[in-house]
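Every number here is computed from the coordinates shown, using simple stated rules; none is lab data. The structure presented is a predicted model; accordingly, all values stated were derived computationally and were not measured. All Cβ positions, even for glycine, are placed from backbone atoms using ideal geometry, and neighbour counts span all protein chains on display.
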Amino acid sequence: MTLQATNPPPRNPSGYRRTAEFWVYFACILVIALPFCCVGWLRDVLRRQTFRLPGPLARAWAEADRTTPLIFSV
């Protein structure tokens, strides 16, 4: 018998399955967040005068990734 402490079964790190419904909500939030993230990114580029910042798509993706699980946790 294998020791489960040294060889645990693979788990989803977020603790939930991402279903088709999740991806639909994620895509909607991503599309809505993208213009706001573009404006925020442009503001930060002008303020800090550097391009060494996460781009608008990365920011929108992170925002959608933070917001969508909140919808499913209610």
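For residue 55, no residue has an amide H sitting under 5 Å from its own, ignoring neighbours fewer than 5 places away on the same chain, with H placed 1.01 Å from N. Projected label points at residue 47 and residue 23, each 7 Å from Cα along the beta carbon direction, are separated by 3.6 nanometres.
P(r) tail, the range 25-73: Cα-Cα pairs separated by more than 16 Å, 40% of all pairs.
Residues 72, 51, 22, arranged from fewest to most other Cβ atoms within 10 angstrom of their Cβ, appear as 51, 72, 22.
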